[in-house]
Amino acid sequence: MKVVTVVGARPQFIKAAAVSRELRKRHHEILVHTGQHYDYEMSGIFFDGLELPAPDINLEVGSGSHGSQTGAILHKIEEVLASERPDYLLIYGDTNSTLAGALAASKLSIPVVHIEAGLRSFNRGMPEEVNRVVADHLSNLLLCPSQTAVDNLATEGILHNVHQVGDVMLDVLNWARQRTTGNRSEILERLGLTPQSYVLLTMHRAENTDDSARLTAILSAVNSLAEPVVFPIHPRTRKIISGVNATLGSHVHLIDPIGYVDMVAVSAGARLILTDSGGLQKEAYWLGVPCVTLRDETEWVETVDAGWNVLVGAHRSRILEAALSFVPAVAQKSLYGDGCAAARCVELLQ
Ligand code: UD1
């Protein structure tokens, strides 16, 4: 079986680490990096740290408006698919790279396999929501992390070739934990922090970074926290924050984006995670860290229902109240599968 896999943004490198390892045991994979993320801290660091094979092809599209970025990827992927003629195109998640891959393959009648299918925020203002809805409707095999995702697809009339496989990010988290046992990350020492004594913050969603009222409210809440805050900053957010000359308190450790193993260490040691990331909401749950989500809705509703995640939007008072007083549920149940999702994805592909 010959599979072309398309990745382009940070969370896709993480997901591909689990699936590529499994796929390459028996099949031929051509890994295409679109170049949507290109800084070493956003891209290369994940290939090195997760032992992901180097991309076979890099389309080097770089940054741009949504239309021009998606269009550039579409144009270049079509050429790759037309010459490689794979049995399947494999895409992940909800980025512009996902959308472009789905469009290019379906127009060449190459079956599309979507990992992390069926997620919905029901907010069409998010570019990711548009990308995932279109990608799902163009996919021939839809691999879902949860029953909610399967149900979302059914509501939209997608009933065939839909499978609940669990979340491949749990496979990667387990892999990283095994690899780092006894060989711990030194990032907390470098930051001069001890476990349970700080908050971890990440923020990069356009709805927060590109809306000055929301951005100001979030930064104001963060500045009012009394404990250290570790903030590995996405380049999008860094540019916007420096553009508006926003100042952050001296308790905020503003650092460059970090690799996966360091991120797991910083997440696991945090007293609380404040984030607008999708992946981090689940990692917080799996690591047993309470999560306060800087969004008005989430695709990962199970983490909220389980009592470990609370949605506070971008309201200063709600962020502060949750950061200071949110107490998670006493017990946890297992969410998003058993950590063997990648093997299941490959079996279904076969
Ligand atoms: C993208 C995905 C989002 C995912 C996120 C993970 C879309 C629509 N969004 O958002 O779903 O959660 O990646 O990080 O595809 N930039 C750099 N260096 C880089 C990459 C980006 O400086 O290596 C800057 C560029 O100025 C770019 C901006 O960040 O314009 C945004 O990058 P882009 O890839 O468009 O979207 P993300 O915000 O990263």
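The values are calculated or read from the model by the stated rules, or taken from the named source; none is laboratory data. Here the structure is a predicted model, which is why all the values come from computation and not from measurement. Glycine gets a Cβ as well: all are built from the backbone with ideal geometry, and neighbour counts include every protein chain shown. For accessibility, only protein heavy atoms count, side chains too; no ligands or nucleic acids. Shrake-Rupley method; radii C 1.70, N 1.55, O 1.52, S 1.80 Å.
Here are the numbers:
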{"item": "Pairs of Lys in the chain closer than 24 Å at Cα, counting only those 8 or more apart or on different chains", "result": "10"}
{"item": "Probe 1.4 Å, accessible area per residue of the range 1-65, Å²", "result": "38"}
{"item": "Label-zone membership for the range 98-131, site residue 155, 7 angstrom Cα→C-beta point, backbone N under 13 Å", "result": "118-124"}
{"item": "Heavy-atom surface of the range 167-261, accessible at 1.4 Å and reported per residue (Å²)", "result": "47"}
{"item": "Carbon + sulfur, % of accessible area of the range 2-164 - ligands and nucleic acids excluded, 1.4 Å", "result": "51"}
{"item": "Gain upon complete extension [residue 245, residue 28; 0.36 nm per residue less C-alpha separation]", "result": "73.2 nm"}
{"item": "DSSP bridge pairs, the chain: antiparallel proportion in percent, nearest 5", "result": "0"}
{"item": "Computed FRET value (nearest 0.05) for residue 212 with residue 124, which takes r as the C-beta separation and R₀ as 22 Å", "result": "0.50"}
{"item": "Cβ-Cβ FRET estimate between residue 75 and residue 109, R0 fixed at 22 Å, reported to 0.05", "result": "0.75"}
{"item": "Farthest toward positive dipole pole in the range 1-78 [+1 Lys/Arg, -1 Asp/Glu at C-beta], among 27, 71, 12", "result": "27"}
{"item": "Accessible surface of the range 179-325, 1.4 Å probe, proportion on carbon and sulfur as whole %", "result": "51"}
{"item": "Over the chain: helical MRE at 222 nm, DSSP H runs n ≥ 4 each giving -39500 (n - 2.57), nearest 500", "result": "-13500 deg cm²/dmol"}
